[in-house]
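Note sheet for the following structure.
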Amino acid sequence: MKNFTFYQPKTVAQVVNLLDTKWGKTEILAGGTDLLDLQKEYVAQPDKVVSLSGVAGLGNIDISQAKSGTAVKIGAGVKLAAIAEHTELKKLVPALTQTAAIVGGPQIRNIGTLGGNLCQRNRCWYFRDEHVNCLLKGGDKCFALPADAENRYHAIFTQGHKCVMVNPSTLAPVLLAFGGTVEVQGPKGIRVIDLAQFFQAPSSTGQRETVLSPDEVVISVLFGVPAGHMNASYEVRQKQSYDWPLVQAAASFNYADKKADAVRIVLGHVAPTPYVATKAQEAITGKEITEETAALAGKAAASGAKPLGQNGYKVKLVETAVKRALLAAVGKKYWE
Ligand SMILES: Cc1cc2nc3c(=O)[nH]c(=O)nc-3n(C[C@H](O)[C@H](O)[C@H](O)COP(=O)(O)OP(=O)(O)OC[C@H]3O[C@@H](n4cnc5c(N)ncnc54)[C@H](O)[C@@H]3O)c2cc1C
Ligand code: SF4
């Protein structure tokens, strides 16, 4: 690991003052479950590391009643374990608490934070290899694209993308399915970004997996939950712990009179950003959720996929994950 200067500011304003306008020189440290790995692998080589551990005001979960339902605000410093174990959140948004409860293992959940989860770097093995300089590390090509590339864990919605990694966060699709926003603070003050616009498909060293500027810090995530709201997330995993899923589907909708309305279905681990499955949303809107309608929505979700050499298997997993997320949301877990 390269030597660096360690800073422990006390306020968000002090954090912002310590950040740089270009990526690479300074990194924010939250739980360190990703950043320290990147440093040990020489993928991140910052001169300055700015710790959030002593910063006030990032560790709260606030739940309040609003006209349109329940408003939730979760600080960027809240640990994944605290989200997983939160009694009110468990009732309100099981998709979120159950997803947080299966991230990594207990050690990762006890130290990893919400902000770090949303801003974690991608897991493409070419990117993580210090000797490989792909598009995101100053090189001129993506090593996952050639016919003989090892790309079984990469994107299947690849159109228009020069980099075909998948966004690694499993909380992101769920929060996006809730129509969440992110509050970030930079030199010009606070701005609120719709989560649908927060993630981006990077294609050069100057870009990351989010639209965050190098001198901005995530301070919280906000979302609203209407009364009678249904939600669930289903992950297809090769390993039950200490790994990321192969495919994830998060579903959220209102279900008055057994008709799905305001449906949001978001896929994880299939594209460089969380992928909003609009065709699946259209397919299930206005319908009762049954095995048949959920299966049709699953098929619609996978339509348009353009898999790479080794990951055609993900198409079927998308169909299954969407079907099961929809059924789980209405309490029909027939596969267990
Ligand atoms: C074996 C293993 C399995 C895992 N499985 C999963 C999984 O299934 N699903 C999943 O979602 N994740 C998974 N993870 C990733 C884990 O969730 C993340 O490592 C963790 O959430 C990152 O949080 P952290 O607080 O440790 O972030 P750090 O490592 O401290 O930071 C991660 C990145 O985010 C930036 N950052 C941190 N906080 C902020 C902030 N507030 N504002 C701006 N930038 C910030 C840092 O600069 C850094 O680039 C797994 C990790 C491991 C090691
Ligand atoms: S998928 Fe992205 S991160 Fe992986 S080698 Fe290609 S450009 Fe690099």
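Projecting label points 7 angstrom from Cα along Cα→Cβ for LYS2 and ASN60 puts them 3.8 nm apart.
The charge dipole of the chain, taken about the Cα centre with unit charges on the Cβ atoms of Lys, Arg (+1) and Asp, Glu (-1), comes to about 220 debye, rounded to the nearest 20.
When ASP34, ASP62 are compared by accessible area of protein heavy atoms, the largest-first order is ASP62, ASP34, using a 1.4 Å probe. Toward the positive end of the charge dipole of the stretch 236-311, with +1 on the Cβ of Lys and Arg and -1 on the Cβ of Asp and Glu, the farthest Cα among ALA249, ALA305, VAL276 is that of ALA305. Fully extending the segment from SER241 to ARG152 would add 30.1 nm, taking 0.36 nm per residue of separation and subtracting the current Cα-Cα distance. Using just its DSSP H runs of length 4 or more, each adding -39500 (n - 2.57), the chain gives a mean residue ellipticity at 222 nm of -7000 deg cm²/dmol after division by all residues.
If one computes the Cα centroid of the stretch 216-254 and of the stretch 136-155, what distance in Å separates the two points? A separation of 27 Å, based on Cα centres. Taking 28 Å as the straight-line reach from the Cα of LYS332, the lysines in range (excluding those fewer than 8 positions away in the same chain) are LYS90, LYS91, LYS239, LYS258, LYS259, LYS279, LYS287, LYS299, LYS314, LYS316, LYS323. You can think of it this way: the chain between LYS90 and ASP20 has 21.4 nm of extra reach, that is 0.36 nm per residue less the Cα-Cα gap. Surface composition of the chain: carbon and sulfur atoms hold 52% of the protein heavy-atom accessible area at a 1.4 Å probe.
If the limit is 23 Å between Cα atoms, which of LYS22/LYS188; LYS67/LYS333; LYS40/LYS188 go over it? Listed pairs above 23 Å: LYS67/LYS333; LYS40/LYS188. The residues of the stretch 115-202 present an accessible area of 41 Å² per residue when probed at 1.4 Å with all protein chains retained. A simple spin-label model places pseudo-atoms 7 Å from Cα toward Cβ; at LYS48 and GLN197 they are separated by 2.8 nm. Hull volume per residue, based on the alpha-carbon atoms of the stretch 126-269 and their convex hull, is 154 Å³. Enclosing the Cα atoms of the stretch 129-198 in their convex hull gives a volume equal to 156 cubic angstrom per residue. Taking 20 °C and 1.002 mPa s as the conditions, I'd like the Stokes-Einstein D for the chain in µm²/s, using the Kirkwood hydrodynamic radius from alpha carbon pairs. So the translational diffusion coefficient is about 106 µm²/s.
The values are calculated or read from the model by the stated rules, or taken from the named source; none is laboratory data. In this text, all values refer to a predicted model and were calculated from it rather than measured experimentally. Positions of Cβ are generated from backbone atoms using ideal geometry, with glycine treated the same way; all protein chains shown enter the neighbour counts. Keep in mind that these areas ignore ligands, DNA and RNA; they rest on the heavy atoms of the full protein, side chains included. Shrake-Rupley method; radii C 1.70, N 1.55, O 1.52, S 1.80 Å.
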